[in-house]
Amino acid sequence: MYRLLFSFVLALLAMPMMASRADSTAVAATGSPCDIIPVPQQVKTGNGTYTLPDDGCDLYTKGCNTLNGYIATMPLQFRTADKKAAADVVIEVSGKKASEQDESYTMTISADKIAIEAPTETGAFYALQSLLQMTRNGTVKQLECCTIADSPRLAYRGLHFDVSRHFRPKEFLLKQLDAMALLKLNMMHLHLTDAAGWRLQIDRYPRLTEFAAWRPYKRWEDWWNGDRSYCTQDDPRAYGGFYTKDDIREIVEYARARHITVIPEIEMPGHSEEVLAAYPELSCSGEPYRNGDFCIGNEATFTFLENVLAEVIDLFPSQYIHIGGDEASKEGWKTCPRCKQRMEQEGLADVDELQSYMIHRIERYVESKGRTMVGFDEIMQGGLAPGAVVMSWRGSEPGLEAMRQGNRAIMNPNAYYYLDYTQDAPFKEPVSIGGYIPLEKAYSFEPLPDSIPADLAKNLLGVQANVWCEYITDDSHAEYMYYPRTFAVAETGWSQASQKNYPDFRRRALLLVEQLRSMGYNTFDLANEYGDRKESQQPLEHLGKGCRVIYNLPYSRQYPAAGDSALTDGVCGGWTYGDNRWQGTMRDFDVTVDLGSVQPVRYVGATFLQSVGAWVYMPRRVDIYLSEDGENFTLAGQAWCDVPDTSAEIRYKVYSTLCHTQARYVRLHAIKYPKRGAWLFTDEIVIN
């Protein structure tokens, strides 16, 4: 009797859960336009449903000259119908009053038919992507009756692939093109060259792929912390690879069929160690392994770059040619006789203007080939080339300034769109370069502030997310970092800002994550997201909260957090130093907290973080002093670093001491890591 009663109770408890699952299954069993990412511009739902025939659909197309080839590869089964009236699915491309860039479409799903109309094949293609999402890649047969009228907000919706630091096989890129198409992304940016390896066949300079494409280390950090050497392909230690011209032609054609443009990037003038190891005569020293920047005073540099770009332009039909332009050290130029001579001849005031001279000259060459040059926002240093497109990665302001100057901009802010940053709690995620960009933060970015007038807003070309691969060796790890955060970039680029709603987006993202997984993609487990650092999610109460902080050494203006009150505001930092809660300095931290009166002090502590990839290190030691009068301090305790400076993981450590004394003033002196350029970050000084 007891067992029967117990079973009955369990059954009653299970009923709500079973009902919930049934409801969920019912929703999943019917494809809805309300589940699409990116959210369409307009959706009007109707009554009833349309059911795809089990044996496939009769398809009628008109004006689909190139789209039919793609349709044949879709998981939906189609048979050709000769007559429109007899078809289950009708796709009509009008071509009327449409520019080549028109990506709009209308899709009407009624009880007996699916009708797609678009002015271009691109629009019709995007309608099919919406259909693939509604059918969960062909697995859902029943669709809500509706009408979708859709078009993109921004023309450029990009995704970046760093194939230099770790070579990705052609098949990996083809696979990502399918995911990009599903998200209506239309630009694949290939970072083909960097210090870690050259990845493109150039017939005129064979040593680029015979030598500069290979290194005797698999892991980037081993190479970077080692001798940073290269080797030939036949070396048994060789790791790397490159794309042949036939590989690129195949990638470009596969992308074209999915209405995606492949944009090549040839890095210059910096990040060029691999080129200068293979062709040292192009460096300021003339020796391998000494310089990372091309010698701008050497005319042979421009001969090389123009010859390379000529082959690149012949291979890639993209309107945009990316030349990098970021993070050039410019150190060799300051003492190079040829660079000094170039500066004198051209009337250039400094090395920034020398870089600008190079950028302008390369832009003229690119434009002479009928193409448009794109560069990271450092190309603005020393004067911006008139026709260049600026990719703004150091926040939005460089891009906005370029727009004010009349140039076009692509927003690519590292704080939101660098997807190599960890997407969840660092203790549970793969090693990353640092930073923390969860899905919600990526989704929150708005590329066009209200302060920008309409006449300048037209200069915003689009948005792009990047994945840099210093710490991402394996292909599956790279794929994991893209999804689902790329969904957020896609929706920001396609949908209107007024349509964005994170709770609803997250619901749709969970559905699309499952669809991608069923298609063989490795994605982050969004359903089990841990979230931000728990200490950061509620105010911290302690004796020192709200007390005045005296800075014996100033903090950095780049990372002020809440300014002078940051270290006693009761607000702890999250997983990243860049969340405006951690206060940073490139000096020691040396501050004194004034408690306002002499009080018993039992504990003093502060949390620091380490992210070696971002040059953020733990302090070597923290000295804690107490005083009643603010002049005579007594050492209360010392805390030492026990975190290895070679650890790639993001680490957090509380430096503290216990004490039993009276004090009004608490001084904390954190001694920074003894490395030029190293940062030191803390979030709160806790006193009890």
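The values are calculated or read from the model by the stated rules, or taken from the named source; none is laboratory data. All values reported here derive from a predicted model rather than from experimental measurement. Cβ sites come from the backbone with ideal geometry, for glycine too, and all protein chains shown count toward neighbours. The area values use the complete protein model at the heavy-atom level, side chains included, leaving out ligands, DNA and RNA. Shrake-Rupley method; radii C 1.70, N 1.55, O 1.52, S 1.80 Å.
Can you pull out every residue in region 505-532 that is in contact with a Ser or Thr (Cβ under 8 Å, 6 or more places away or on another chain) and not in a helix (DSSP H, G or I)? Across region 505-532, the qualifying residue is only Asn522. Residues that are touching a residue at least 60 places away in the same chain (Cβ under 8 Å) and within 34 Å of the chain's Cα centre (by Cα) number at least 1 in the following strands (runs of 3 or more DSSP E) confined to region 98-152: 142-150. Only residues that are open to solvent by 40 Å² or more (accessible area, probe 1.4 Å), over 13 Å from Thr147 (Cα atoms) and not in a loop (DSSP other than H, G, I, E, B) were counted in region 46-60, giving 3. Residue-level check: of (1) at pLDDT below 95; (2) open to solvent by less than 40 Å² (accessible area, probe 1.4 Å); (3) polar (S, T, N, Q), Ser99 misses just (2). Within region 60-87, the set of residues being farther than 20 Å from Tyr50 by Cα, touching a residue at least 24 places away in the same chain (Cβ under 8 Å) and more than 33 Å from the chain's Cα centre (by Cα) comprises Lys62, Gly63, Cys64, Asn65. Using the structure shown, decide if Ser329 is outside any helix (DSSP H, G or I), closer than 26 Å to Ile410 by Cα, open to solvent by less than 10 Å² (accessible area, probe 1.4 Å) and touching a residue at least 24 places away in the same chain (Cβ under 8 Å). Spelling it out, it is not the case that Ser329 is outside any helix (DSSP H, G or I), closer than 26 Å to Ile410 by Cα, open to solvent by less than 10 Å² (accessible area, probe 1.4 Å) and touching a residue at least 24 places away in the same chain (Cβ under 8 Å). Please find, within region 222-242, the residue that is nearest to Asp203 (Cα to Cα) out of those that are touching a residue at least 60 places away in the same chain (Cβ under 8 Å) and in contact with an Asp or Glu (Cβ under 9 Å, 6 or more places away or on another chain). Step by step, filter region 222-242, then rank; the result is Arg228. Check off (1) under 26 Å from Ala527 (Cα atoms); (2) touching a helix residue (DSSP H, G or I) at 6+ places or on another chain (Cβ under 7 Å); (3) surrounded by fewer than 16 Cβ atoms within 10 Å (Cβ to Cβ); (4) of a type in the set (D, E, K, R) for Lys441 and give me the number that stays unchecked. Here Lys441 clears every test but (3).
Of these, Gln599, Gln610, which one is open to solvent by 10 Å² or more (accessible area, probe 1.4 Å) and either closer than 25 Å to Pro539 by Cα or in a loop (DSSP other than H, G, I, E, B) (or both)?
Working: Gln610 fails: open to solvent by 10 Å² or more (accessible area, probe 1.4 Å).
One residue alone meets the criteria, Gln599.
The single residue among Leu635, Leu668 that is touching a residue at least 12 places away in the same chain (Cβ under 8 Å), open to solvent by 80 Å² or more (accessible area, probe 1.4 Å) and of a type outside the set (Phe, Trp, Tyr) turns out to be Leu635. The residues listed here are Val593, Val598, Val604; of these, the one that is in contact (Cβ under 8 Å) with a residue 12 or more places away in the chain, farther than 29 Å from Asp532 by Cβ and among the hydrophobic types (A, V, I, L, M, F, W, C) is Val598.
Here is a yes/no grid of residues against (1) touching a residue at least 60 places away in the same chain (Cβ under 8 Å); (2) assigned to a helix (DSSP H, G or I); (3) open to solvent by 10 Å² or more (accessible area, probe 1.4 Å); (4) within 30 Å of Met187 (Cα to Cα):
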residue: Gly292; (1), (2), (3), (4): yes, no, yes, yes
residue: Gly297; (1), (2), (3), (4): no, no, yes, no
residue: Cys339; (1), (2), (3), (4): no, yes, no, no
residue: Gln345; (1), (2), (3), (4): no, yes, yes, no
residue: Leu354; (1), (2), (3), (4): no, yes, no, no
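Just to be sure before I move on: is Asn414 closer than 20 Å to Ala488 by Cβ and open to solvent by 10 Å² or more (accessible area, probe 1.4 Å) in the structure I sent? Yes; evaluated as a whole, the condition is true for this residue.
For region 228-277, the candidate set comprises residues that are of a type in the set (Asp, Glu) and part of a helix (DSSP H, G or I); within that set, the residue that is most open to solvent (accessible area, probe 1.4 Å) is Asp246. Which condition number in (1) open to solvent by 20 Å² or more (accessible area, probe 1.4 Å); (2) assigned to a loop (DSSP other than H, G, I, E, B) is the one that Ala212 fails? (1) is the only condition that Ala212 fails.
Of the residues that sit in region 536-561 and are small (Gly, Ala, Ser) and within 21 Å of Tyr665 (Cβ to Cβ), which one is surrounded by the most Cβ atoms within 10 Å (Cβ to Cβ)?
Pass one, region 536-561, residues small (Gly, Ala, Ser): 536, 544, 546, 556, 561.
If we keep only those that are within 21 Å of Tyr665 (Cβ to Cβ) too, we end up with 544, 546.
Details: Gly544: 23, Gly546: 11.
Out of the qualifying residues, it is Gly544.
Residues of region 484-511 that are aliphatic (A, V, I, L, M), touching an Asp or Glu at 6+ places or on another chain (Cβ under 7 Å) and within 20 Å of Asp150 (Cα to Cα): Ala497 alone. Test Tyr217 against the stated conditions and say whether it is open to solvent by 10 Å² or more (accessible area, probe 1.4 Å) and in contact (Cβ under 8 Å) with a residue 40 or more places away in the chain. The answer is no for Tyr217.
If you take the residues in region 452-487 that are among the charged types (D, E, K, R) and either more than 12 Å from the chain's Cα centre (by Cα) or more than 20 Å from Gly395 (Cβ to Cβ) (or both), which one is most open to solvent (accessible area, probe 1.4 Å)?
We begin by selecting, within region 452-487, every residue among the charged types (D, E, K, R); these are 455, 458, 470, 474-475, 479, 485.
Add one more test, that the residue is either more than 12 Å from the chain's Cα centre (by Cα) or more than 20 Å from Gly395 (Cβ to Cβ) (or both), and what stays is 455, 458, 470, 474-475, 479.
On the way: Asp455: 96, Lys458: 145, Glu470: 24, Asp474: 82, Asp475: 51, Glu479: 10 Å².
Taking the candidates together, the pick is Lys458.
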